[in-house]
Amino acid sequence: MNGAISESIAGEGSLLLVSFLFGAALMLFYDVIRIFRHMRKHGTILMAVEDMLYWLFCAVGIFAMLYRENEGLLRWFVLGGVAIGMLVENTYISPWVVRIFVKILRIWQKIFGKIFGVVEKPGKKMFGFFKKELKKIKKAVKIGLSKQ
């Protein structure tokens, strides 16, 4: 041996690296869900459905990664790599990503809220007017039908 790493060990090392990066990517995807939750408040049921869909996506993604990278063989160090990747991203990267993107989106929301608010207010007034008129017509029709 000349000090070179065997091909199988190098392959497993690259598989561990891929699983680590995949775990970090899965948590980045969850950060998108967190950002969405910060922008619009959710009820418990909707959050539970979102989480179930997320974990279903994770399970399918991990299976596809194992199938592509390791011929579908379950290796515990791969699941450990995914878990460590998720943990590292959640601990060191996620707080910054969520905080920064929520601030950026809130600024955009204020800007576009002011721009579209100008258009929205007259539209709401017109809608309210037509709604009242339609209620009057509905009431008149009901009275007319009840007299027959």
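The values are calculated or read from the model by the stated rules, or taken from the named source; none is laboratory data. Just so we're clear, the structure is a prediction, and the values are computed from it rather than from any experiment. Quick reminder, even Gly has a Cβ in these numbers, built from the backbone with ideal geometry, and neighbours come from all protein chains shown. For accessibility, only protein heavy atoms count, side chains too; no ligands or nucleic acids. Shrake-Rupley method; radii C 1.70, N 1.55, O 1.52, S 1.80 Å.
At-a-glance table
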{"item": "Relative contact order (%) - criterion: Cα under 8 Å, at least six apart; region: the chain", "result": "38"}
{"item": "The chain, helix-only ellipticity at 222 nm - DSSP H runs n ≥ 4, -39,500 (n - 2.57), divided by all residues, nearest 500", "result": "-31000 deg cm²/dmol"}
{"item": "Pairwise FRET efficiency - residue 112 versus residue 90, Cβ, R0 = 30 Å, nearest 0.05", "result": "0.50"}
{"item": "With Cα atoms, 0 to 90° folded angle of helix 76-88 axis to the chain main axis", "result": "50"}
{"item": "Computed log₁₀ I(q)/I(0) - Debye formula, equal Cα scatterers, no solvent, the chain, q 0.12 Å⁻¹", "result": "-0.74"}
{"item": "Dimensionless Rg over Rh [region 1-72; C-alpha; Kirkwood]", "result": "1.21"}
{"item": "Percent carbon-and-sulfur accessible area, region 1-136, ignoring ligands, DNA and RNA, probe 1.4 Å", "result": "74"}
{"item": "Pairwise centroid distance, computed over Cα atoms, of region 131-148 with region 20-69, Å", "result": "51"}
{"item": "Out-of-range pairs (alpha-carbon distance over 32 Å; input 41/125; 41/124; 41/114; 110/136; 41/131)", "result": "110/136"}
{"item": "Gain on full stretching of the segment that runs from residue 102 to residue 53 - 0.36 nm per residue minus C-alpha separation", "result": "15.4 nm"}
{"item": "Solvent-accessible area per residue for the chain (1.4 angstrom probe, square angstrom)", "result": "79"}
{"item": "Tilt relative to the chain, helix 94-147 - C-alpha long axis, 0 to 90 degrees, to 10", "result": "30"}
{"item": "Whole-angstrom Cα spans of region 30-98 along principal axes, big to small", "result": "41, 26, 15"}
